[in-house]
Amino acid sequence: MEKLVLIDGHSILNRAFYGVPGLTNSEGLHTNAVYGFLNILFKLLEEEKPGYLAVAFDLKAPTFRHTMYDAYKGTRKPMPEELHEQVPLMKEVLTAMGIPIFTREGYEADDILGTVAKKAQAAGMEVTVVSGDRDLLQLSDVHIKISIPKTSRGTTEVHTYYPEDVKREYQVTPEQFIDVKALMGDTSDNIPGVPSIGEKTATNLILQFGSVNGVYEHLSEVKPPRAKKSLEEHRDLAELSYKLAKICIDAPVEFSPEDARIGDLYTKEAYEYMSRLEFKSLLARFGDHVKKEAAATLDFHAVTDLAVAEALFQKAMGSERTGAVLLAEGPEISGAALCLDGQNAYLIQKEGFLTGEYLAGKMTELYRTGHVWTLGLKSQLPFLDLGYGDTVYDAAVAAYLLNPLKDTYDYDDLARDHLGLTAPSRADLLKKLTYAEAMDQEPEAFLSFAGFLGHCAYQSGGILMEKLEAEGMKDLYLEIELPLIYALYHMEEEGIAVKREELSAYGEKLKQQITVLEQEIWDMTGSQFNINSPKQLGEVLFEKMGLKGGKKTKTGYSTAADVLEKLAPDYPVVQKILDYRTYAKLNSTYAEGLGNFIGPDGRIHSRFNQTITATGRISSTEPNLQNIPIRMELGRAIRKVFVPRDGFIFLDADYSQIELRVLAHMSGDSRLIEAYRSAQDIHAITASQVFHIPLDQVTPLKRRNAKAVNFGIVYGISAFGLSEDLSISRKEALEYINQYFETYPGVKTFLDGLVADAREKGFVSTMFGRRRPVPELGSANFMQRSFGERVAMNSPIQGTAADIIKIAMIRVDRRLREEGLESRLILQVHDELLVETAVREKAQVERILSEEMSRAAALKVPLEIDMHDGKNWFEAK
DNA sequence: GCGCTCACG
DNA sequence: ACGTACGTGAGCGCG
């Protein structure tokens, strides 16, 4: 049967607007509603696979309902400006995709949908009507399905209703849905109901008498008396409401299916729109036939001849700017991409005399000129001979600074976001082939890939530095982020030694415990189930055993630790489950997980990523060495397997309360500055000052509370968060916060200023000029907006701390090398540096760490360091 | 591929 | 009323 999908345009756009986080493109256009709409649309197309599609919109003009009922005017809540401006945008995108838009003066979208749906059904079509508005349920019919997408927590669930579903949920038929609404009214549509009749009474009356008319025919039988009286008095109102609530199914709308037949949605025009709106995930849906066009104007050349390559390198060395990328994966070089002008790009293939060593040597020479723009320098460094003295511009890192909220900074991202160019992605061109495979099997595609890569690197050089300078981030880029690439590369290369046998022995011990606990839990619950499955665990605990827990997640019961901890005192099995979780986590993630990463050199070489976090921190992957257990004894013991090589020890230095010190500095609050200048124990002095007690009389509880408030301040304070953390009432939490702000008024002014500033400018900045955009502040969604406020308060603090330790890392790493030491920086954990230190260099390294970390930034409070040494990471903390 | 849970700062 | 502390990454279960 022919399938038709009809969409309630305003309603879905509205849903998307409130459900999707605030988004703006580089032009500052709000795009979240359009984005959400399109996601719902594509999901529908995939699931329903319709042959026909149309979207209905309301018009501004008054409708027949206004004529009927004066108060209907102006009933709609005014649309927020951020949403309003997206309506024309949405229509243009739909038009670009060739999707018909239905409107009719004097009628609402509902009426058009109703009329078209019924006509299409009569013509033998299978119809789906999509809306966020439950009023549409009255249209549900044998061949008309009402589909209501519900966006919560970022994902979209769709509820669908045929007449039997309406009945199941509301007891009444789709037609009677109108009758119920007529009686109860609807405040959001400003449809007046009969006074003192609510949903319950209305439903009961309609179930009993069939319709509004039926109710009035049997008015004498109506109970309770109050309802009867009200119905008597307001008959005109009930009848009017019925007319207002009833969707018109014979509006003057012509519908012939051909108007709505789905053609090629993936048009060039639509693609351009998605590009402009920066909907990357949607762009991926478009076939590559659209993207090939960009290539038409560029000339890509494959170079396989030594003399030609020589000449090209020669020319590159002398040119003003070169785009260059060494194409290397794993241990293998496949070639080099070069670009010296905006027209031509070259792939120098590894072939014949053009060996890997040759290319690496030439590229080193080229990079040393200091005019090279590349992409992803860190991954090329294993093949190049470069160091702190060499400035190589990495366009990906520049693009990260310009917008740290993106997931990727590949050449196609740069092309779209900065170069006004549409380039096919690596996945488009090479599918899942490696470089070596692609060069062999798909030489054309590989040439194209290398061409775009080189071209984008070159073109980035023409624009990104200006952008960085315009945004005040040139120094940050040149002095911190670029040198940092070397520090990170050095840490990755160096790795950290791990005692394989001790790690697996630790794992064996855990596994024994896991087996014992598993059996005990099975015995105590009376069922053999997978304890690792939150679903099964929830069912066993909360259904089979009847523990009181209540639903918390959208998929079922929450079995998170904080929920289980509340139950543990009363149910011994719950404590066993918590223990099981601890052992299972330590075993799978750490004992076994880390074991898989020990290389042939007996060391783990984690990757340190520079372009991931929104705040400027680095991240660590494969494996993550920034979350090795420390808070609990059992987990902390893992650190004993991380060891220095023979003749070396570990020196571990961490900043003491760096974020709070940054807060003191940035806020300029004189009392806080004075407090941190003098105090050893920051949380204790906070307690002393906030709660007005002498420092030596601060109890552990008071200190704990003050510490929680300090954390809260750094996270972007909220009474809710603090109350959860301390298990106190919101009111008490608010009192703590107010007391804190009374004590340190400068902090309050500072944080308020950050939010106001972010609202005005759209971003916040660190001391060193690093920016974080805060688009959520423009959201109409309360939750999103509140999140934006917390982000505005937290990011400058967390980000400044990140800037500071980056500076320290660079200087420590540089000095260790330049002073000819054998000691090496091997890890960074946000406020901590770990140096594998030659025993005889210990004093010198201590001095370097202490000096470079303390003076990385000149704050109004001292930057204090705690330092320890040890024969393993456990001892050195 | 996503949700849940949990490890870290 | 809304439903939350900020920033990450990994393993597991499940559809």
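The values are calculated or read from the model by the stated rules, or taken from the named source; none is laboratory data. Since this is a predicted model, take the numbers as computed values, not measurements. No Cβ is skipped: glycine too gets one built from the backbone with ideal geometry, and neighbour counts run over all protein chains shown. Heads up: the accessible areas ignore ligands, DNA and RNA and are worked out on the full protein's heavy atoms, side chains in. Shrake-Rupley method; radii C 1.70, N 1.55, O 1.52, S 1.80 Å.
A few comments on the model shown:
- Dipole magnitude for chain A: about 2220 debye, using +1 per Lys or Arg Cβ and -1 per Asp or Glu Cβ, origin at the Cα centre.
- Taking every DSSP beta bridge that has both ends in chain A, the antiparallel portion is near 70%.
- Relative to the dominant Cα principal axis of chain A, helix A:700-715 is inclined by about 80°.
- Sum of side-chain charges, A:Y715 neighbourhood, beta-carbon under 14 Å (Lys, Arg +1; Asp, Glu -1): -2
- The chymotrypsin sites (Phe, Trp or Tyr not before Pro) of region A:595-664 that DSSP puts in a loop, and whose beta carbon has at most 16 other beta carbons within 10 Å, are A:F597.
- Cross-link pairs exceeding 21 Å in C-alpha to C-alpha distance, out of A:K362/A:K406; A:K406/A:K552; A:K118/A:K246; A:K544/A:K566; A:K535/A:K576, comprise A:K362/A:K406; A:K406/A:K552.
- Burial order of peptide ranges A:521-528, A:179-186, A:738-745, A:53-60 (average beta-carbon count within 10 Å, highest first): A:179-186, A:53-60, A:738-745, A:521-528
- Assigned charges on the beta-carbon of Lys, Arg, Asp, Glu; region A:497-640 dipole about Cα centre (debye): 520 debye
- For region A:440-501, chymotrypsin sites (Phe, Trp or Tyr not before Pro) meeting the loop criterion (DSSP other than H, G, I, E, B) and having at most 10 other Cβ atoms within 10 Å: none.
- If you look at the Cα atoms of chain A, you get an Rg and a Dmax of 32.7, 104 Å.
- Residue by residue, region A:414-426 carries 3J(HN,Hα) couplings of 4, 4, 6, 7, 10, 10, x, 10, 10, 10, x, 6, 4 Hz when phi is fed to the Karplus relation 6.51 cos²θ - 1.76 cosθ + 1.60 (θ = phi - 60°); x denotes Gly or Pro.
- Gap separating the Cα centres of region A:521-566 and region A:825-877, nearest whole Å: 44 Å
- Karplus 3J(HN,Hα) series, Hz, for region A:386-395 with 6.51 cos²θ - 1.76 cosθ + 1.60 (x for Gly, Pro): 10, x, 3, x, 9, 9, 10, 7, 9, 5
- Angle between chain A longest axis and helix A:482-494 axis [Cα atoms, degrees, rounded to 10]: 70 degrees
- C-alpha long axis of helix A:443-461 to longest principal axis of chain A, angle in °: 80 degrees
- Local charge for A:R617 was computed over the other residues whose Cβ lies under 12 Å away, with Lys and Arg +1 and Asp and Glu -1, and equals 0.
- Under the shape rule built on the C-alpha gyration tensor, where the axes satisfy a ≥ b ≥ c, region A:287-429 is oblate, since a/c reaches at least 1.5 while a/b does not exceed b/c.
- Taking other residues whose beta carbon is less than 13 angstrom from the beta carbon of A:F313, and scoring Lys, Arg as +1 and Asp, Glu as -1, yields 0.
- In the context of the full protein assembly, A:M473 retains an accessible surface of approximately 0 Å², using a probe radius of 1.4 Å and ignoring ligands and nucleic acids.
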